[in-house]
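Worksheet for the structure shown next.
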Amino acid sequence: MEETQQLRLHHVQRGSNVSTLSSSDSPASSNCAPVFLNVYDMQLGEYAVNHYTYCIGLGVFHTGVEVYGREIAFGGHPYDSSGCFAIDPKGAAGVMGPGVVLRRSIYMGTTSLSKQQVQQLVDDLGLIYPGNEYHILRRNCNDFSGDFVFRLTGKRTPAWVNRLAQIGTRSGAPRALALGADNDAGVLVRRRRRRR
C-alpha cells in the first residue's frame, strides 16, 4: 500500500461529505492499528438517565469506532445510501449536540487491515447499514459498532452498550414505536388485556 493512499469516509462536517486520513495519522506500527470503541451518554433532554442506570448495566448510549485516526459511526437519514459517517475521534458531542457526552473509550485490540481495507469494509458496511434503515432499537449505532469492531478485531463489544435496546426489542417496543407515540400506551394496554 502506498503511503500517500488516503481513507475516504462519509464525513459530517459543513461543506464536505468526504474525509481523508493523511500518512501522519498512521499508528506507529505499519502492521496493525489500534481500535477503540468510544461510548457516549445520550442525555434525554434534562434527564441524565445513565447517571442512575449505568451501575446496573443499562443506559442510552451512542457508540463510534475509532481506527486510523477517525471515528466511524452509523446514523439515520431518509435516503437509501450509507448511514456510515466519520468524525474526529471522541468528537460526537460537537456533531450530535450537547446531550452527547463521552463516557469512556474502550480499547478493543488491533486490526491488521490496511487503511485501504478498512475503507473497503466501511463501504461494504454502508450497503448493509443504509441510513433509511436506522431504528433506535433494532438497527442502531451500537449494532453497527459491534459489527464493525468484530470485523476489525474478531472481538465482541461489551453487552451493556446495547442492552437497553435489546430489552426494548424483546418487550414489543418496536411494534409500539411503529404505531406512533400517540398510540403506544393504549395499544399496549389493550393487547395485554386481551391476552389475559
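Some observations on this one:
- When a 1.4 Å probe is rolled over the protein heavy atoms, the share of accessible surface on region 51-176 that falls to carbon and sulfur comes to 54 percent.
- For region 135-147, the Karplus equation 6.51 cos²θ - 1.76 cosθ + 1.60, evaluated at θ = phi - 60°, returns couplings of 9, 4, 10, 8, 8, 10, 4, 6, 4, 4, 4, x, 5 Hz by residue, with Gly and Pro reported as x.
- Segments 83-93, 132-142, 61-71 sorted - mean Cβ within 10 Å per residue, highest first: 61-71, 83-93, 132-142
- Hz values of 3J(HN,Hα) by residue in region 155-163 - Karplus curve (6.51, -1.76, 1.60), Gly and Pro given as x: 10, 8, 6, x, 4, 5, 4, 10, 4
- Neighbourhood net charge (14 Å Cβ-Cβ; Lys/Arg +1, Asp/Glu -1) for Thr53: +1
The values are calculated or read from the model by the stated rules, or taken from the named source; none is laboratory data. This one's a predicted model, so the numbers in the text were calculated from it and none came from an experiment. Cβ sites come from the backbone with ideal geometry, for glycine too, and all protein chains shown count toward neighbours. Heads up: the accessible areas ignore ligands, DNA and RNA and are worked out on the full protein's heavy atoms, side chains in. Shrake-Rupley method; radii C 1.70, N 1.55, O 1.52, S 1.80 Å.
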